[in-house]
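A.B. asks: Before anything else, here's the structure in question.
Where a number appears in this text, it was derived from the coordinates with a stated rule and is not lab data. Just so you know, these numbers come straight off a predicted model, no measurement behind them. Ideal geometry is used to build each Cβ from the backbone, glycine not excepted, and the neighbour counts take in all protein chains shown.
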């Protein structure tokens, strides 16, 4: 008996009934399961990070936070879900429990939950409200339950595994169907641990007994796909930038070591061919620099242009996009995030509203079973149905498809899909345009899988040719499309010199650039850029170009600047100290230049700021290119004379290994001083500490 798929209906049933003159191609390599096909069909969904960290301004809580801290003033699950849906996201994952151990549902197994918070007098359930809101909106619902728990007294001991699995069963049985259960690899380290306040380490290969933990999900939610660094259903892409590899195979070699949650990231970005298992990539990224809401990042929300770039490099490379939308302390998505996400979706909808290939005359170099058999004809690539496909005869692995567009058409996006139930078959392709009586290649790529979007310069032509240039077996192409993005003015370029003067440059000479310094949106009524803007004390510039003829706005550019470092000096270590590079590299406004210590021990840096400043926040930019030298524990102190010091903050740069962006520490109370001391207490993997840049935000 043939059973229908809820998302993708394979042609196997029809073939079995004898409707086709020839059978479909034989499957090739590792194949996706039903749950994986459903996950692929989503393409993009939301992550919602919300817990006590939202109210403590941290990224990772230590586990000692009181439940009373959690008290959103206007929590609105429907607003959160509506924002995700308006952004074109088809599902949502809620952080039911993050590393701090605080539970967003009234768990029977701990008092560290919403039932002991002031929110709704302890009778609230964030998980339930989010699940019900998703059902009302038609979004798939998923859960994240952190394996690491910095609150629980038994973490690191066998007893904790019983606790963790009890909570997992609670979530799997009480909140309806789930499309995913999300596990990550952040495990072990400093924590509260029931008052022990110590560092605990685990063997993340064996401690969680993953096969038996995963079996609980398979038993209670058989269609839920599971995420971790290495599956078992979809994998981490190896970064938190939302970017898949230019080549990104949906398969991975699971016989290699380090293939477990928290294992190494080698091979995850590009995947591995041929691989032993279908294990596609998820690209997780936040719409803000951090994963939880921080008011200081309200001006740092990713722009629609940045979100589009991420989309093309995640969904457009065969992966799924998991975009984090963190609610603020009210319990809703901030207006800045909403606006950017809506505009992102509007532009995406405009792009894919018209497929220029839909009305083209198609000519295929080969069709499976010959032209008389329509089951696998080239017309299948433009019928808008990913369950049908163009296939060639066995042995024809490098076919061509010519599209006569019926006249000159202009486009800049090529859209290509494979028919996934038959495996990932295409290894390389190229696309040509007909110009001056001959074909000219304008696009090419390697892996295709669920979807491949090639976005480039605009092409105007009357004919297009798709060539499969490398494949081990006959390809099976479900969709091929040509699209044109709307024409918009590029964002202005924002630069600042050492003296703190900001310049704005439009991409076209005819455009006018208008800007704001109060974090508001630049409009036609905003200040017109004429001369460099003095910004030595720091601030935020938001700028937009306006067309010289019709005044249409272009892309938004926004950049925040710290205090100018023109007068700064490095007091310690001196140039004759224990490092090879000059210490000036840490304050040269050049992120690529890095100052490194010689030994793996606490490192002290003292800066003379050249004047007394009231400091509201400080920042550390880690070196790029891996964990070596990345500081994860710190102390900041200030002084009026460079002799008597007052500690301003001590803590950790949470999640810096996976998300090595600039780390900003906002002081609870602004401090005043001329001298600033940064102590790198520890660096990842016990390596010698390194600094790409140190910065100060004045109040």
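A.B. asks: How large is Rg/Rh for the chain, to two decimals, with Cα atoms and a Kirkwood Rh? Working shown, then result.
C.D. replies: On the way: Rg = 27.2 Å, Rh = 27.5 Å.
Ratio of gyration radius to Kirkwood radius: 0.99.
A.B. asks: Using only DSSP helix segments of four residues or longer, with each worth -39500 (n - 2.57), what per-residue ellipticity at 222 nm results for the chain after dividing by its residue count and rounding to 500? It would help to have the intermediate numbers written out before the result.
C.D. replies: Values: 9 runs with 94 residues, N = 699.
Dividing the helical sum by the residues of the chain leaves -4000 deg cm²/dmol.
A.B. asks: For region 279-424, what is the percent of antiparallel DSSP beta bridges, rounded to the nearest 5? Please list the in-between numbers first.
C.D. replies: Details: 4 of 9 bridges.
Antiparallel bridges make up about 45 percent of those DSSP assigns within region 279-424.
A.B. asks: If packing is taken as the average count of other Cβ atoms within 10 Å, what order do 252-265, 443-456, 513-526 fall into, highest mean first?
C.D. replies: On the way: 252-265: 17.2, 443-456: 20.6, 513-526: 15.4.
Listed from highest to lowest mean packing, they are 443-456, 252-265, 513-526.
A.B. asks: Let a ≥ b ≥ c be the square roots of the eigenvalues of the Cα gyration tensor of region 311-361; is it rounded (a/c under 1.5), or, if not, prolate (a/b larger than b/c) or oblate? Show your work: numbers first, answer last.
C.D. replies: Details: a/c = 4.99, a/b = 2.11, b/c = 2.36.
It is oblate, given that a/c is not under 1.5 and a/b is not larger than b/c.
A.B. asks: Rounded if a/c is under 1.5, else prolate if a/b is larger than b/c, else oblate: which is region 118-243, with a ≥ b ≥ c the root eigenvalues of its Cα gyration tensor? Mind showing how you got there, number by number?
C.D. replies: On the way: a/c = 1.66, a/b = 1.24, b/c = 1.34.
Judged from the Cα gyration tensor, region 118-243 comes out oblate (a/c at least 1.5, b/c at or above a/b).
A.B. asks: Note the angle between two axes, namely the Cα long axis of helix 126-137 and the longest principal axis of the Cα atoms of the chain, as a number of degrees from 0 to 90, rounded to the nearest 10.
C.D. replies: 30
A.B. asks: Using per-residue counts of other Cβ atoms within 10 Å, averaged over each peptide, order 111-120, 348-357 from highest down.
C.D. replies: Numbers: 111-120: 18.6, 348-357: 16.2.
Put in order of decreasing packing, that is 111-120, 348-357.
A.B. asks: So, one more: Helix 158-174 versus the longest principal axis of the chain: what angle, 0 to 90°, nearest 10, using Cα atoms?
C.D. replies: In the chain, helix 158-174 runs at an angle near 50 degrees to the longest axis.
A.B. asks: Let me ask something else about it. Taking the chain as the reference, fit the longest principal axis to its C-alpha atoms, fit the long axis of helix 210-220 to the helix C-alpha atoms, and give the angle between the two in degrees, 0 to 90, nearest 10.
C.D. replies: 60
A.B. asks: While we're here: I need the shape label for region 205-245. Rule: rounded when a/c is under 1.5, else prolate if a/b > b/c, else oblate, with a, b, c from the alpha carbon gyration tensor. Numbers along the way, then the final one.
C.D. replies: Values: a/c = 3.83, a/b = 1.68, b/c = 2.29.
Here region 205-245 falls in the oblate category.
A.B. asks: Which of the peptides 623-634, 319-330 is most tightly packed, and how do the rest follow, going by the mean number of other Cβ atoms within 10 Å of each residue? If you can, show how the numbers build up before the last one.
C.D. replies: Working: 623-634: 18.6, 319-330: 23.9.
Peptide ranking by packing, descending: 319-330, 623-634.
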